[in-house]
Amino acid sequence: WLTRAGYLVSAVVYVALAWTAASFARNPGKPADGEDSKVESFSSDLMSHSGGRTAVFLIGVVLLVIAAAFLWKALSASFTSQLMPGDVGPISHRVLVILGRVGWVGRSAMMTVIGFFLARAAVRFNPDEAQGLDGSLRKAATSGWGMALVVVVGGGLVVYGVFCVLSAPRRRLVGADS
């Protein structure tokens, strides 16, 4: 039950992140604060030390690698090994898999945006370019292709949250047989 509660919390967090992405899509020019100022402050402090620029770049690269792993998980549907076969009420197993794929693409897009802006900040040696999710989405939204990316991230995170809630009864729980 604790694991299932964790999935529920994860779903709520992703729905909240998606809501944030949607609100930024409506107001892309509104200045960012909160999370972004913490990310900027952290990256600025880190880049002021020797090797800090490299560390920020590596963090960005690690996030891009994680994004690639999330995309692979979406394309290969490897997450289905964690699901027991069967429907959840009126929702078929096939629909759960589709929701999972879309959700993992959204997670991948989110990590890509954040990793890109961190790596770019290190390359350009500009800590102010290091952004959290909200600032990264704001920057992306102001570019020509960015609004589509914001929609993919926001929509994908909403779908991932729905997937987490709907798939919870079908999750394989480690240690459940003991």
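Readers should treat all values here as calculations from the given coordinates under stated rules, not as data from a laboratory. Because the structure is a prediction, the values reported are computed rather than measured. Neighbour counts run over all protein chains shown; Cβ positions are idealised from the backbone, glycine included.
Does W104 qualify as being surrounded by 22 or more Cβ atoms within 10 Å (Cβ to Cβ) and more than 22 Å from V56 (Cβ to Cβ)? For W104, the condition - surrounded by 22 or more Cβ atoms within 10 Å (Cβ to Cβ) and more than 22 Å from V56 (Cβ to Cβ) - is met. Within the stretch 73-116, track down each residue that is of a type outside the set (A, V, I, L, M, F, W, C) and within 21 Å of V151 (Cα to Cα). Correct list: K73, G100, R101, G103, G106, R107, S108, T112, G115.
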